[in-house]
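Coordinate-derived values only; no laboratory data. Treat the numbers as computed from the prediction; the structure is a model and nothing was measured. Ideal geometry is used to build each Cβ from the backbone, glycine not excepted, and the neighbour counts take in all protein chains shown.
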Amino acid sequence: MSALVGWSATAALAAYAQRRPGVAIIGWLVAGLTMTVGLSAAVIGAMFGFGGPTFRLLHIGISLLGPLYMAWGALEYGVRSAQGRFASRLFLSAFTIVPLVILSADRLSGRFGRTLPALGDHYDLIPRTLVNVTQVVVAVFLVTALVAVARRSSADRNLRLGVLGLIALAVILSVVVGRFGLGAGGPLLMLGAVAALWGAAALDARPRRHDDYEDDDYYDDYDDDADPEDELLEEPVRRKRRNADPYDDYYDGPPVRQAPSAKLRGVITIYTLADGQGTGFDRVAEAVVAQVADREPDTLLFACHTVPSAPLQRIVYAIYRDDLAKEEHEQQPHVIEFARRSASHVVATNVIELSLAGAAASDGLAALLMPR
């Protein structure tokens, strides 16, 4: 029964990955596939008696690769740092290849039966140690992802915590079954693990379906005839410090501009879009550009560019007055909403942070790109 549910959940994960590609969902798909292969081996073992191949497939799936790729997908889902993701991929490679080779080739001991065997029943010290170390890495991945999301002030934080909670539950159930076997209860717990993994992917996919943009409240905020009392976005984040010209003054009169300085910060973000998602992304980008121009006097330039030679790429270029302006920009409600809504159109994002080393520009450039 658990194997059938596993194959159904894997098919659903594959459909999610095809419809909305992403690194996290690919990791969860690999985890679902490996766990399901392990459960299928367990079915054969329960019917005809376990042997070396069925035992190895079972624990490669539920003790090693399943938990590892679920946790890695959770880290990719929750952590925005490019350095953190790069480091996690190095660990993923190391803790996939070496333990996989050892668990596939190391000798087995003891007699097999028809009940679900624990990892330690037949593996010797080296494979058990490798699995233990891998599961420590799994725990680090999960905790890092949970802390990163919990510390982030975003509109979808509770949703993401719910997704990560289901992934953590699936990992715990899989690890417990791998360590203790639990006889007839093992397949039932693995059924819960597979269901939790599928539920996490379904929960993440559900709120990101934006098929009808015409009825989307997000765009009501950019209607010139809209009643200000009906505005849905929160108030903009205000500066925590300034030597002169309080933030409110920028909304009561023309913005006061300071001369460029070496404190200026720039960010280039390169978005790679899914097929057919250009129109949807452009509409979301146009909306956030308008909000940045209206609400963020310390974001000196914020522009979205198409790339004629690469129709599925968009480049967003921003210049901030200083580090604080950059930090406040990232906390603005409209920027958080843009990140949430653009995710369904994007398959990859590359971020390049810049510091001013020298510049030359005409006086009218900012006015041309950022009318206020």
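Filter the trypsin sites (Lys or Arg not before Pro) in segment 149-206 down to the DSSP loop ones having no more than 11 other Cβ atoms within 10 Å, then list what survives.
Loop-located and lightly packed - 151.
Describe numerically, in nm with one decimal, the distance between label points set 7 Å from Cα along Cα→Cβ at residue 202 and at residue 23.
Those two pseudo-labels are separated by 2.8 nm.
If you build the convex hull over the alpha carbons only and average its shadow over all orientations, what do you get for segment 2-208? Give it in nm² to one decimal.
10.5 nm²
Between residue 82 and residue 111, how high is the FRET efficiency from 1/(1 + (r/R0)^6) when r is the Cβ-Cβ distance and R₀ = 51 Å? Nearest 0.05.
0.55
Under 13 Å from a point 7 Å along the Cα-to-Cβ line of residue 15: which residues of segment 54-77 have their amide N that close?
No residues fall inside that zone.
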